[in-house]
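What follows is calculated from the coordinates using simple rules that are stated; it is not laboratory data. On a predicted model such as this, the values are computed, not experimentally measured, just so you know. Here the Cβ positions follow ideal geometry from the backbone for every residue, glycine too, while neighbour counts run over all protein chains shown.
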Amino acid sequence: MKHDGPDIVYGKHVFTEEIMSLQFIKMAWIWLAQKKWACRLIVKFGLFVLLFLVITMPNPWLTVKQIAAYIDIEALLNPDFPQMKEINAAIDARLPLHSTFNEEYQTIVKFVYDSIRYEFDWDNWQNSEYWPSAVDVWQRKREDCDGRAILAASIFRSRGYSDATVVASLRHLWIKVGNQELMGPDKEKLMIVEKGKKHFLLPSLNYMLESFADQLYYYPLSRMVLILCGSLILLFHPHKSSILFLTLLATANFGLILIVDWSRYVSYYGQMKLTLGFIAGSLLMFASIVTAWRPQWCRIILCSRKLNIHKTEIS
């Protein structure tokens, strides 16, 4: 019984803080509503960018490093880090006495797969995309396709294959050694590094849609829902109808679920196909976004419909 007092006081303190937070949000909502359209647009765009980065790339330092990796992926390939001797000794122990080049290739790739457990970047690093260095991959012992490819290319270079490089598509990274591509090459390329220079290729529209579906299938649904809800809030401002907003929120999220279900179909069968679910989901999301942006259009349509019904009844 002696602890009841402090617990109650603490509960009241937390409750007061929540009320103050809600009041601050309400004041900010009203303050922004009183600004000119151009000012609201700039503020909302900035808030959307911040929201998107916080949800998809919550670690700003890793985001900066990822931008640097896009600029210079060669900096991630390190054939000389201290543990490389240990790695090559383990690979040599797996090789037969008179191994061929192809046997060596396959042994290196299998060694990387066995040593580095597959884990998505958003689970491993919390950021949606991060290309670690070969050292980071080996120390962490878990990575997705990009980290595995970076480590494999570094191992090949340490064994004298100086032309070993990384190849990227919209959804996958693999390696190229000489004329041979390893680690599950994708059917279309986006980037290839040759002699330290990056070359970019334009994928087909069909492949881009397939890659988009693939990313949707694997990406955490909770993060997509947060981005969608935050976007609808920014679009709906400065309107205040909670019933309309909750309706739009439910409609948009149902549309998102239909699109994600379509992405599972495309990813499973490995072929692009526009299903009825995708079309319905896209229309629901589009209608929700447009209505959140311009709810008065919805009122005009409803009023016009009521007027037509009234005229019909009179006639």
Exercise for the section: Would you kindly calculate the translational diffusion coefficient of the stretch 87-127, applying Stokes-Einstein with the Kirkwood radius from alpha carbon pairs, for 10 °C and a viscosity of 1.306 mPa s, and quote it in µm² s⁻¹ without decimals? Expected result: 135
Handout entry: Size of electric dipole in the chain: Cβ of Lys, Arg +1 and of Asp, Glu -1, about Cα centre, debye, nearest 20
Key = 1560
Handout entry: Cα long-axis angle, helix 60-71 against the chain (0 to 90 degrees, to the nearest 10)
Key = 60
Fill in the blank from the handout: In degrees, nearest 10, the alpha-carbon axis of helix 242-269 is tilted away from the dominant principal axis of the alpha carbons of the chain by 30
Problem - Residue (of TYR130, TYR161, VAL112) at the positive-pole extreme of the chain, dipole from beta-carbon charges - result: TYR130
Handout entry: Residues whose placed amide H lies under 5 Å from that of LEU170, excluding near-sequence neighbours
Key = LEU190
Exercise for the section: Based solely on C-alpha atoms, express the radius of gyration and the Dmax of the chain in angstrom. Expected result: 26.7, 96
Problem - Helix axis angle, 145-158 relative to the chain longest principal axis, alpha carbon, degrees - result: 20
Problem - Gap separating the Cα centres of the stretch 174-241 and the stretch 78-122, nearest whole Å - result: 28
Problem - Burial order of peptide ranges 42-48, 232-238 (average beta-carbon count within 10 Å, highest first) - result: 232-238, 42-48
